[in-house]
Every structure is written in structure tokens, then in C-alpha cells.
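The values are calculated or read from the model by the stated rules, or taken from the named source; none is laboratory data. None of the values given here were measured: they were computed from a predicted structure. Ideal geometry is used to build each Cβ from the backbone, glycine not excepted, and the neighbour counts take in all protein chains shown.
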Amino acid sequence: MQHDKAIVESIDSEPESFSWRWRDVDARSIVAVLVLVYVLVLIRTAWVSDDAYITFRTIDNFVNGYGLRWNVAERVQSFTHPLWLFVVTFAYLITGDLYFTSIFLSIAISAAAVLILVCAVARSSTSAILALTVLILSKAFTDYSTSGLENPLTHLLLVVFILIYLRFEKSHRSLLLLSLVAALGTLNRMDTLLLYMPALIFAAIRLRTWRTMRVIAVGFLPFILWEAFAFLYYGSLVPNTAYAKLAAGIPRGEVIQQGVLYLLHSISLDPLTLFVIVSTAVVVVLRRERIMFPLLAGSALYVAYIIFIGGDFMSGRFLTPVLLVAAAMVARSTLTRWTPALVVTVTGILIIGLAPKYNPLFSDANYGAERNQNIEIERGNGIADERGFYYPITGLLNWRRGAPIPDHPWARTGDAWKTGDSGKVVIGAALGFAGYRAGPGIHIVDIFGLSDPLLARMPAARTAIWRIGHTDRAVPDGYVKSLETGENHFDHVGLAEFHDKLVRVTHGDLLNWSRIKTAIALNLGWYDHLLPTSLPPPMRIEWQDMQTIVTVGSRFDSEGTLRLHPAGAQVDLGQVVSASELEIALDNNDDYMLVFVVGMSSIDSLMIAPANLPDGGMAVHRIEVPEQASDRGYDAIRIFPDGGDNVFSVGHLRFGPADTTSSESPPETSP
């Protein structure tokens, strides 16, 4: 009885020893088995995302002496997780392999986080079992306990922060340690500061001395030093991805709506995660566990932030730190006996966790191979089961000796770029696999702007079906030539001036005072007025320029193809055409809308669905022209991209019967 009373005492009265007090050996064995199950689940679900390879390209360049750069010619921070990058880099120097290094490093760090949770944070074996069950059955948590992204390190630092916070002694030493871990967490991913901030402020207030601000500042030195380096080296205090994703020009109302959809999608694919987050918060409030309120406030701030920025395209990824906080609250509960209410709770968790078709406990090597991984994108919310998409490609259980990892058309695109001339400039998207395999000799213009300093600041395009974080930019006329020659070839006067200033920051001498002043002005937005505020009009294409035959499976940038920007293109036929059938080559995995026009009037339109070829490339569509358009005649066809991977390309356009070779001259004109 004395032991039970001690457990429920407030932490404010006396710091706890945080040693486990097992009821019996059986309970201890159950926890040990569950930890082993968690590790085994991670091995079975381990994978690496395409986005991780964006960081891998920077790491590879860094290790090979090119600096912390994605394109070696310019200093641009294309990664959001400096601390994770350095941890992986250190391991890579030892192993020489990024794929296996990222997987087993993630598993080790994730296991360490869980061990700290159940061995140091948990108050009893019963609460430890409950917390472990939640984490094992959470699809989001297990998915992003690997993936090559920074989540495992976020989890480890967060659980250490929670441990220090719960053991907090009213001393500057404890505050310094708490601040240091919060700083490392922020260095690992800047926006997670929201999770740490309320608890850190609460701890500082408890000391009630003016010295606390100085102590916190000392603790945050790692992050402060990184920011100083980032400004000096990159000319920016935030990653380039922040410009590309958070300043895309999408109305805030639409972004918030997308953020709500992100939470709803999590419920549909992984109901346990949000159920535990919400129910734990309710219990903490109802039981008035005041020591947990700052942690709860941090979670609330972070969820509000997720909604505010529109969530993410990776289902559940941003929810894993919040779930870990909830699991820590579960672990801290005063559960010591298996009461009927607790049995019902555990049963409910098991039912909710095991009910989804794609729960992690039963995942195997076939995960994602027998379903349309883009189904959520096609539904219009742009959110996908990322592990389902990539597991057939990079899943650990699918690794075969001698087989390339990753073996995917995007990676083969990178191989093709690599065979070209060193210093060549190419345009592309989904640049993790492709960028890594292309190597340092190729300069890649990323149409999403994640690694491109100019496009990140350009107005984003939104197709009918847009993805948060994947908003396409139109490549300005003269940009590629400017990169190739090192001279300014922009037609747009404002862009020409802005590009010159940007080049001064990303290419100039680090300590040049003119460069530093320009960087300050860029960060303050003083040159933003030079940027265009809207997209360019649709491209104009002459029909005669679309006669080079493009075969099925050809690359989207092969001879005879033309890259489309999101505003689309108008093909001028030169005369009024009455053909009832046509053949057109389009990039295989996108939706397109064709609009038939005569004069200035649109007559009719039709949609072309993705062909989704197994090996990617261009698809050739033979279609019937809408009857109204063929009867009336049309002198132009407008082609509008309408969703997909945001890499849009068109090849040849021919008229004639769908089952015969079309003529090489325009069909007869309408009377």
C-alpha cells in the first residue's frame, strides 16, 4: 500500500527514482517480449523513402568533398534535419553504404527511444505494456521509425526531453540539460520546437530567477551556432524547403482545409494513432494531471501547426511525435493492476489497431505490391501511404543480393542523366532516387523548388489535383541557359535582377560584405517585388513541331517530347480541322484535359486518364474527338495537366483513324 501511495504523489513534491518496480517476473517478461516484437516489426517494415535520397545526395556530395550541397555549383540547404544529416553522415563514413546504414541506424535509435520510454518513463509494468502496445500497432509510428527520414531521432530526443522534464529538479543544471535536449530536437527538425516550448517555459518559470534566460540561451547554443553557420554558408536562416512549401501562394483557407483532410486521412488508414492522441489528452485533462499540461500544450500547438501548414503528403508522418507524447502519458499513468476497465481499454486498442487492413503487425514483403498505391492521390487529397508506394522498391524484405537499390524508373532516369556530359543542366521532379543516382556532375533544376533557390521563391502552380509540398513551378525562360553559361539570359527584367542577387548569395565568396548584405535583404524579403506574381500564360506550340514520333515507354524528356508547365499549352493547327480521331503522346502517369478550340471559343473537352505503365515513360493515347468538336471543326487544341506527379510532358500529335497510321499533314479542313 505504501508503494501505491508513493506512485500517485505529485512530481512537484519530490523527484522520482524512475526505477521499475515490477510486480512479478511475468510482467517483466511481457514487456521484454513486446520490445522484441517492436524491433521485429521494424525489421519487417523497414524501408527508405524517395525524400530520404534527397538528403543522401547531399551527404554523398559532402563526404566526397563538394560541401553540404545538393547541386555542387550552389550553396542551398535542401534538407530540413541538420542533426539527422550529420548522424547519418558519420555512420556513412564508417559503412560506405547509405541504404543499410539509414535502415539499421533508424532501427537502433527507435529501439533506444522505446527502451527509455518503458524502462525510465513508465511507472509500472502495466502502463509500459499498454504504451508499447499502442506504439507497435500504430501504422504511422512504425512506418516512420525507419524510412530514412529524421523521425527516429526526433522520437529519441523527445522521450529524453520528457524524461528530464518529469525528473526536473529546481536547479539551473536541470534547466540547462532540458534546454540542450530541446535545442538538439530543434536542430533535428526546426518546427518541433513547438513540442518542447511549453514544457521548457514551465520549467523556467518554476525557477523564478532572471538567470533562466541565460541558461536557456546556453543550452540552445548548438542550434544558435547552426543558424549562424546556415546564414553564413547558405545565406538563409531556414531551409530552402521552407520557401518551397510554406510560401507557395495557396490561399490559407485551402491550406487549412487540407490540414484537416490530413487528420481525417490518418483516421481512415490508421485510426489508432489519433484515437490514442485524443483520448489520452481527454484523460489527462479530466484527471487534472497538471504536470502533463505543458506536454499536452506542446502537442496541441504542434497539431494546430500541422493543420495550419496543410499537413503533409506522407500519411501520418507528422503525427508520430505527438503520438509518442501520448504514449509517454500512458506510460506515466498509475496503472498497477489489470482491472476490468483496463482489460476493456486494452481490448479496444487491440481491435482498433488490428482492424485496418494494412496494420504493421502483419506486414510482409508483399506490402504495397498488390494495390494501387496512388489511390489516395487519385481521390484528390494528395495524401498517400508512402510506405505502401515505396516498400516494393526499397523494403528491407525485398532486398536481393546484386539487385540495385532502388530499382525504379526514377533511379534509371538518374542513371541516364549520369551518362551525359558533366555539368549538364536537366529539369526534373521526384528527385530523391534520380538525384542520388545522377551523381555530382549533373545540375538538376527541381520543379518543386525543394532544392532550387529561385523556383522555391517563384509563384507555385496548382493543377486541378494538387499535393501539399509538391506544388509545381514553371521554369522561367532563360533559366536553364543562365545555369549552363553562368550568364544572365532572363527575358523577365525583375527575374534577371533577382537571379543576379541570388547568385551572389549562393555562389559568392562567403565573407564578402556585399554578399552578406544581399543575404540579409533576401531574408527580409526586400527583393520579392522583383518576382512575378502570377504564372505565365499557356505555351504556344505549332502543330508541325509535334511530328517526331515518340514510342511507348520513351523518357519524358527524350527527343520529340516537350516539357509542359502547369499552365498548359495551346497547339495551333494552322487551319480548321474536322478529324474525329487523334493520337497523342503524353507522360504516362498524369491526368490531362484536352480542350478543342475554334477562334477564341472552346467547343468541347475530354479527360485522358493516366496509363500508369509499369516501367514509366511516355504513353501513346488513341482517342475519339468529341462529336461536337469534330462536327463544328477546331483550329487549336489546349492541353492542360490535371494532376499526377507534376512532371508533365507531351510528344507527337497526329490525326486519323485510331487503328491506322495517321497522315503527316493536317486533315482536310471543315467546309
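So which residues in region 298-334 are charged (D, E, K, R) and not in a loop (DSSP other than H, G, I, E, B), if there are any at all?
Initially, region 298-334 is screened for residues charged (D, E, K, R), giving 312, 317, 332.
Selection gives R317 alone.
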Please work out if G449 is in a loop (DSSP other than H, G, I, E, B) and within 30 Å of I639 (Cα to Cα). yes
Please go through region 176-233 and pick out each residue that is crowded, with 18+ Cβ neighbours inside 10 Å and hydroxyl-bearing (S, T, Y). S179, T186, T192, Y196, T212
Pick out the one residue from V303, V284, V325 that is assigned by TED's automatic domain parsing to the domain that holds V160 and over 24 Å from the mean Cα position of the chain (by Cα). V284
So S127 ticks every box in (1) closer than 17 Å to V114 by Cβ; (2) within 30 Å of the chain's Cα centre (by Cα); (3) in a helix (DSSP H, G or I) but one. Which box is left unticked? (2)
Considering only region 300-319, how many residues are surrounded by fewer than 23 Cβ atoms within 10 Å (Cβ to Cβ) and either touching a strand residue (DSSP E or B) at 6+ places or on another chain (Cβ under 6 Å) or hydroxyl-bearing (S, T, Y) (or both)? 2
E227 vs (1) among the charged types (D, E, K, R); (2) in a helix (DSSP H, G or I); (3) more than 30 Å from V76 (Cα to Cα): all pass except (3)
Can A120 be described as assigned by TED's automatic domain parsing to the domain that holds A327 and in a helix (DSSP H, G or I)? yes
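Going residue by residue through region 93-106, is there one that turns out to be within 24 Å of Y243 (Cβ to Cβ), under 25 Å from the mean Cα position of the chain (by Cα) and touching a residue at least 24 places away in the same chain (Cβ under 8 Å)?
Taking region 93-106 and keeping what is within 24 Å of Y243 (Cβ to Cβ), we get none.
No, because not a single residue in region 93-106 is within 24 Å of Y243 (Cβ to Cβ), under 25 Å from the mean Cα position of the chain (by Cα) and touching a residue at least 24 places away in the same chain (Cβ under 8 Å).
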Scope region 540-561; condition in a strand (DSSP E or B) and surrounded by fewer than 18 Cβ atoms within 10 Å (Cβ to Cβ); matching residues: R540, E542
The correct count of residues that are crowded, with 22+ Cβ neighbours inside 10 Å, touching a helix residue (DSSP H, G or I) at 6+ places or on another chain (Cβ under 6 Å) and of a type in the set (G, A, S) in region 48-98 is 2
Report, by residue number, each residue of region 477-493 that is surrounded by 13 or more Cβ atoms within 10 Å (Cβ to Cβ) and either assigned to a loop (DSSP other than H, G, I, E, B) or at pLDDT 90 or above (or both). D477, G478, S482, L483, N488, H489, F490, H492
